[in-house]
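Below you'll find the structure, written out as structure tokens, and then a few comments.
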Amino acid sequence: DGGKFDLIISDIAPNITGIDSADQASSMYFLELALDTVLKTLKPGANFLAKMFQGSGSDQYLKDLRPHFDKVTIRKPAASRKESREVYVVAKGFKG
């Protein structure tokens with residue numbers, strides 16, 4: 001698979017406006033763009049890591065992601081504030 005990637009990491013987050021619904025929509029838009037890139041450029045068996053803010057659209061995003069990977073989990077870094085909705089999606093074993 002020449003030109004394909006073994007790993008894609010997306011740490012993209014929108015500039016926060018303070019309007020929760022708009023901020024969440026922007027965050028989900030970036031995740032959708034990342035997934036589109038993953039589907040086009042990741043090698044079979046490869047992995048994907050992405051920052052996600054839990055909220056509207058995040059459950060559906062995970063449902064859309066799961067068919068493309070062997071395993072999808074959510075991790076919250078110890079350094080993240082308890083009240084923060086920030087988590088990381090860890091997707092392993094891209095099915096191609």
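The values are calculated or read from the model by the stated rules, or taken from the named source; none is laboratory data. Since this is a predicted model, take the numbers as computed values, not measurements. Quick reminder, even Gly has a Cβ in these numbers, built from the backbone with ideal geometry, and neighbours come from all protein chains shown. SASA here: full protein model, heavy atoms, side chains in, ligands and nucleic acids out. Shrake-Rupley method; radii C 1.70, N 1.55, O 1.52, S 1.80 Å.
Within region 1-37, the set of residues being within 11 Å of the chain's Cα centre (by Cα), surrounded by fewer than 18 Cβ atoms within 10 Å (Cβ to Cβ) and assigned to a strand (DSSP E or B) comprises just one member, ILE9. Going by the structure shown, is LYS40 open to solvent by 80 Å² or more (accessible area, probe 1.4 Å) and under 14 Å from the mean Cα position of the chain (by Cα)? The answer is no for LYS40.
Would you check which residues across region 37-78 are among the hydrophobic types (A, V, I, L, M, F, W, C), in contact with an Asp or Glu (Cβ under 7 Å, 6 or more places away or on another chain) and closer than 16 Å to ILE12 by Cα and list them? Within region 37-78, PHE53 is the sole residue that qualifies.
Could you give me the residue pairs with C-beta distances under 6 Å whose first residue belongs to region 65-81 and is more than 25 Å from LYS40 (Cα to Cα) and of a type in the set (Gly, Ala, Ser), whose second residue is open to solvent by less than 60 Å² (accessible area, probe 1.4 Å) and not in a loop (DSSP other than H, G, I, E, B) wherever it lies, and which are 6+ apart or on separate chains? Within 6 Å, the pairs are SER80/GLU86.
Comparison of PHE94, PHE69, PHE53, PHE48 shows that the only residue that is open to solvent by 20 Å² or more (accessible area, probe 1.4 Å) and either of a type in the set (Phe, Trp, Tyr) or in contact with a Ser or Thr (Cβ under 6 Å, 6 or more places away or on another chain) (or both) is PHE53. Filtering region 72-91 to residues that are aliphatic (A, V, I, L, M) and open to solvent by less than 80 Å² (accessible area, probe 1.4 Å) leaves VAL72, ILE74, VAL87, VAL89, VAL90, ALA91.
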